[in-house]
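Laboratory data are not the source of any read-out in this text; all were calculated from the coordinates shown. This one's a predicted model, so the numbers in the text were calculated from it and none came from an experiment. No Cβ is skipped: glycine too gets one built from the backbone with ideal geometry, and neighbour counts run over all protein chains shown.
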Amino acid sequence: MNARPRERPLLRAGDLSKRYSVGRSIFPAQRRTVHAVDTVSLDIWPGETLGIVGESGCGKSTLGRCLVRLTEISSGSLEFEGRDISDASQRQLRPLRRQMQMVFQDPSASLNPRRRVGDLLADPFRIHERLSASEMADRVAELLRRVDLSPQHASRYPHEFSGGQRQRIGIARALALRPRLIVADEPVSALDVSIQAQIVNLLADLREEYNLTYVFIAHDLSVVRQISSRVAVMYLGSIVESGPTDEVFAAPRHHYTAALRSAVPIPSIDRARRGRLVLKGDLPSPMNPPSGCRFHTRCPAATPICRSERPLLQSIGEGRLVACHHPADG
Amino acid sequence: MSADAPLLVVKDLAVSFRSDEGLVRAVGGVSFSVEQREIVGVVGESGSGKSQTLLAIMGLIDSPNAIVSGSIRFMGQELIGLKRRALDAIRGRQIAMIFQDPMSALTPVHTIGNQIGEQVRAHEKVSAKAVRARAVQLLDAVGIANPDRVIDSYPHQLSGGMRQRAVIAMALSCNPALLVADEPTTALDVTVQAQILELIGRLRDQFGSAVILVTHDLGVVAEVADRVLVMYGGRFVEEGGKSSVFRAPLHPYTWGLFGSIPPMEGPRPARLAAIPGIPPSLSNLPKGCAFSPRCAFRHDACLVQLPIMQGESHRAACLLPEPTRRQFAAQRPGGVVEMQR
């Protein structure tokens with residue numbers, strides 16, 4: 001990958017974990033812990049788009065929320081531009097909120113239905129900047145134009161918009177304070193295919209224009225492939241493989257990535273199906289994950305060592321990392 | 001009925017709803033047929049009318065404000081206007097339906113075995129022991145491991161993929177001639193989706209069922225369907241054999257759909273060839289071609305004249321002359337045409 005010796009990562013997570021306890025028993029022995037995010041280490045470099053993929057329950061959304069400290073982390077470190085923010089209080093985080101924003105899957109859930117879009121978009125300015133009413137209106141109009149809506153839309157309420165337009169509003173709000181980093185959690189998965197493509201294009205344009213860094217979380221591999229420069233694949237709370245997008249998708253080294261990749265139905269009939277790898281069984285419960293390599297129960301290449309020893313995420317060169325005892329040839 | 005007659009023939013099926021905003025026309029007169037053992041994929045986005053078409057076939061549109069017209073003939077018998085009792089003899093037994101959310105078809109308070117058994121008993125008179133044996137056999141057939149244990153589980157104890165399998169087992173309990181599936185894999189993860197699609201393909205081979213599969217995902221269609229129907233604004237805009245539609249799609253909307261999907265292989269385009277604009281509101285459909293406001297190829301006639309399906313086995317509803325469209329489609333591999341105006 002692009003080793004950037006002189007740059008430092010915009011965001012760095014070290015052994016980041018998020019544990020939830022489940023079961024409200026007063027007896028500690030009956031309480032159980034879910035490792036939603038299990039010792040994840042990640043560097044996010046300025047200007048890149050890191051795609052995080054995985055199936056439901058793999059912890060990708062929790063990881064995204066931890067990265068911007070919307071969810072408290074249980075252990076591990078988190079640095080923004082070299083500054084430790086893992087223990088920062090909400091008050092200390094406030095200036096950082098300008099730099100890190102989030103876009104959610106369901107924009108209607110994050111837009112107050114009783115407030116006009118103009119007011120919703122002006123909130124960031126009210127909280128972080130002192131602007132006159134007319135300056136604020138100008139900035140809101142500019143934001144709306146930037147996401148291909150019209151300044152007249154400011155006086156409407158969220159329900160008057162279609163799903164795609166609401167997502168544009170969600171993006172406009174994230175964009176308001178010109179953040180460095182946007183974590184987008186399934187930003188297009190609730191949208192129709194034709195609208196999805198519009199939003200993906202918009203995100204790519206904005207990235208260019210404002211020099212944004214994205215963490216793009218999605219279960220849809222083709223969308224992630226389109227927008228990401230680098231991808232990380234998660235399984236049961238951990239990253240099993242990461243590296244430059246084209247390489248990881250063209251030649252996956254982790255057997256889970258390979259299975260995920262081959263499970264995606266391709267809208268073409270010309271490509272003969274290369275022997276598809278259909279995984280047996282379901283995702284194990286994160287409450288009771290398998291021993292050793294978390295994937296060994298479904299892995300076609302598992303051997304005894306996979307049951308007993310957990311593989312570490314290790315570099316295999318060219319910016320690629322894989323956590324597997326028997327990596328695929330790729 | 002002769003052996004090679006179509007299983008299902010739908011003619012001019014229209015579904016409208018009376019609402020405060022006037023008449024909402026969800027399905028605007030669609031005609032198609034399904035052959036025995038055929039898998040037909042119906043593709044469309046939300047509001048295209050694809051789900052309402054399925055519900056109409058199942059006789060499940062019972063709102064007092066709904067108006068269903070046209071003809072739906074199943075094995076030679078007209079279903080529209082059929083009495084509830086007569087319909088019930090067909091539904092579940094000869095036509096079964098599965099939904100996107102398996103929980104909508106399962107009750108949380110009964111075991112999986114009871115629910116499959118209920119389905120069997122509703123249509124056949126068999127002993128309790130035979131019912132149980134049949135349920136185990138069905139769960140096994142849909143690829144559930146340990147069926148004799150799962151049969152005594154409640155839906156909440158199963159994963160999403162297992163639930164969808166259980167629902168498919170229920171649907172198969174009476175060997176239906178036609179399985180109607182509305183986005184059956186949309187709520188599932190891709191690895192589980194792959195399993196369910198494989199299962200649907202196997203159904204036809206093992207049980208001889210025909211399948212109507214409604215989906216928004218062209219990849220799913222490429223995977224399992226024999227024939228493709230593309231829906232937009234309550235009407236079909238394109239219909240044809242899978243290979244023909246995927247190799248040389250004939251409707252600008254189909255081009256737009258293909259262009260909207262990011263490729264999984266090869267070079268990544270700098271921008272996706274997205275379709276501009278949004279799908280039309282069904283209560284306020286544009287005059288003429290419903291796709292015209294978003295179409296890069298529209299001309300004056302498109303705004304006033306409603307295109308009808310034209311062609312032989314591969315048909316499309318577009319006012320542009322077919323040779324012109326074939327030319328456009330050939331400009332880019334896969335028939336993808338840039339939709340930016």
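Some points to look at:
- Mean Kyte hydropathy of 0.0 or more with a Cα span along the axis of at least 15 Å, helices from DSSP in chain B: B:128-141, B:160-172, B:190-207
- Each helix, a run of at least 4 DSSP H residues, gives -39500 (n - 2.57); summed and divided by the residues of chain A, these come to -9000 deg cm²/dmol at 222 nm.
- Based on DSSP H segments of at least four residues, each scored -39500 (n - 2.57), chain B has a per-residue ellipticity at 222 nm of -9000 deg cm²/dmol.
- Long-range HN-HN contacts of B:Met231 with modeled amide H, under 5 Å: B:Val43, B:Gly44, B:Val237
- Within 10 Å of the Cβ of each residue in B:254-264, the mean number of Cβ atoms contributed by other protein chains is 6.
- With the simple model of a label 7 Å out from the Cα in the direction of the Cβ, A:His128 to A:Ala250 spans 3.8 nm.
- A:Gly51 long-range amide H proximity, modeled H, under 5 Å: A:Phe216, A:Ser229, A:Arg230, A:Val231, A:Ala232
- Shape category assigned to the protein assembly as shown from the gyration tensor of Cα positions, a/c cut at 1.5: oblate
- Partner shielding of A:279-291 amounts to 3, given as the average count of beta-carbon atoms from other chains within 10 Å of each residue beta-carbon.
- Over chain A, relative contact order from alpha-carbon pairs under 8 Å, at least 6 apart, %: 20
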